[in-house]
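The structure under discussion appears below in the form of structure tokens.
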Amino acid sequence: MEVWAIDLCFVSPFHSTGTNLGSFIQVTRGSDAKGMNVPYIPATHLKGVMRCEAERIMRTVAGISCYITGRPDVPGHVIEVCDEVKTGGYKCPVCSLFGVPNIDGGGGFREGKLRFLDFYPSRENEEVKIERRSHVMINRKYLVKEKGALYSEEAVPSGTIFTGNIIVRSVLSEEEERLFMASLHAMAGYGLGKNRSRGFGAIKIGNIRKSDHVMVSEVR
């Protein structure tokens, strides 16, 4: 087993919807290793974005036919897998890295080589300051503001660093490690959280440290 501790550095504000208090929307919060209630990036969100990017990369370079994350051109979030996956194998490193869901005709659920943990503010951040921003809802049909539709939401400011672990359960092949790194950096290009169309969620990949154990201070 190998553990990759990764820093994600936000170069624009970050928002991931948590509790809604009327017209006030909080960011997602969770308890860190010290028991502090702080914003965090859910492991499922990281894994989902990286898997989408890995599929996009492999469809471009290898012409794969899988759409585990759903076909964008077909209503209803249709999932498709290749014949190799249906018979218990793998055609490309996407499923070997990220796993196979339990879908009809999909060969049954299988875990991938990667296990994602939640990312929390780095210990370098002495205090995570939360910004509050006010917005007005826009009528998309008439492109004017809606009356009585003022709301506020929290955001983690740019410059905040989140750190977390991705556990590599077994040795990666050269192709798997290339796709792992490619999807990680493609995720940075795509962004995280909500409001990306308004410039939120832009990140860059910071330090990557590899070890054979998870630091207790770095897990939830």
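A few points about this structure:
- Order by protection proxy (mean Cβ within 10 Å, highest first), peptides 39-52, 66-79: 39-52, 66-79
- Set of the stretch 42-75 residues, backbone N closer than 14 Å to the point 7 Å along the Cα-Cβ line of THR87: none
- Accessible area expressed per residue, the stretch 26-123, with surrounding protein chains retained (probe 1.4 Å, Å²): 49
- Our coupling estimate for the stretch 10-15, obtained by passing each phi through the Karplus curve with A = 6.51, B = -1.76, C = 1.60 and θ = phi - 60°, is 7, 9, 8, x, 10, 9 Hz, Gly and Pro reported as x.
- Annotation: amide H-H contacts under 5 Å for GLY206 (H modelled 1.01 Å from N, sequence separation of 5 or more, or interchain): ASP7, LEU8, CYS9.
- Which listed pairs, of LYS91/LYS113; LYS113/LYS194; LYS91/LYS194; LYS91/LYS210; LYS47/LYS204; LYS34/LYS194, have C-alpha distances above 25 Å, in listed order: LYS113/LYS194; LYS91/LYS194; LYS91/LYS210; LYS34/LYS194
- In a reduced charge model with +1 at each Lys and Arg Cβ and -1 at each Asp and Glu Cβ, the stretch 1-85 shows a dipole moment near 340 debye about its Cα centre.
- Rounded to whole Å, sorted largest first: equivalent-ellipsoid semi-axes of the stretch 27-121, Cα gyration tensor: 29, 14, 13
The values are calculated or read from the model by the stated rules, or taken from the named source; none is laboratory data. Fair warning: this is a prediction, and the values are worked out from it, not measured in the lab. Virtual Cβ from ideal backbone geometry, glycine too; neighbours counted across all protein chains shown. Quick note on the areas: whole protein, heavy atoms, side chains included, nothing else; ligands and nucleic acids left out. Shrake-Rupley method; radii C 1.70, N 1.55, O 1.52, S 1.80 Å.
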